[in-house]
1. What FRET efficiency do you get for Asp162 and Gln129 if R0 is 30 Å and r is their Cβ-Cβ distance, rounded to the nearest 0.05?
2. Determine the gain in length on full extension of the stretch Thr45-Arg108; use 0.36 nm per residue of separation and subtract their C-alpha separation, reporting nm with one decimal.
3. Relative contact order for the range 40-176: what percent, with Cα pairs under 8 Å and sequence separation of 6 or more?
4. Between their Cα atoms, which of Lys78/Lys158; Lys51/Lys158; Lys51/Lys78; Lys78/Lys114 are more than 19 Å away from each other?
5. Provide the gained length on full extension for the span Ala52 to Thr174, in nm with one decimal, where the gain is 0.36 nm per separating residue minus the Cα-Cα distance.
Amino acid sequence: MIKSTCVSFLGTAIVAGCFAFSGFANGATAVESDQVSGLLSNAETQAFQLKADADTLERYSRSNTSWESHADAVNRIKEDVNRMGELLNRLEQSRSEAAPWQQVAIDRVLPLAKELAANTTAAINHLNQSPRRLNAPNYQEYLEAIADSAANLSSTIKDFVDYGKTKQRLDRLTAKLELPAAK
């Protein structure tokens, strides 16, 4: 059986609606925060790992894999979600120093992570209650939702990290060519 029946974000159980995020901070600067960019890059790496683990679990749903293997895979995802939660909490704490585009990134990523955590918790609960019912439609739906949520989270974070790198390059070229800043 799985040791914990819930996924935690720094010790708090994650279920739909369990944590909130703020809107744009008043006085956010237009200068991008290197700290936030670094945290987004770390989140991109973590999201990639989470997606890989979710894909493995979803493959298990299409094979004759033991419930113990499912439990191990769900535990890996739970650990991935918890690490992601730590990064997202740090991002949220750094939000007031973030540039507007970084604040949008934080706002878009948090609900995706919350959805992923809720689906992971549901899969854990199913395995705890019915470990031998791996073909149950609701469990199969949880696995598909976990894989979809992880892919969406990974893609969204990657797109924002790519945007940040592209924006930095454009800013450097603008300065180098002594062009007026875009409005």
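Throughout, read-outs are computed from the coordinates displayed, never taken from laboratory work. Because the structure is predicted, anything quoted here is derived from the model rather than measured. Heads up, the Cβs are rebuilt from the backbone with ideal geometry, glycines too, and the neighbour counts pull from every protein chain shown.
1. Numbers: r = 41 Å, r/R0 = 1.37.
After rounding, the FRET efficiency stands at 0.15.
2. Numbers: separation 63, 0.36 × 63 = 22.68 nm, distance 1.71 nm.
Computed gain between Thr45 and Arg108 is 21.0 nm.
3. On the way: 109 pairs, mean separation 51.3, N = 137.
The value is 37 percent.
4. Values: Lys78/Lys158 21 Å; Lys51/Lys158 12 Å; Lys51/Lys78 12 Å; Lys78/Lys114 12 Å.
Checking Cα-Cα distances, Lys78/Lys158 exceed 19 Å.
5. Working: separation 122, 0.36 × 122 = 43.92 nm, distance 3.78 nm.
Length gained between Ala52 and Thr174: 40.1 nm.
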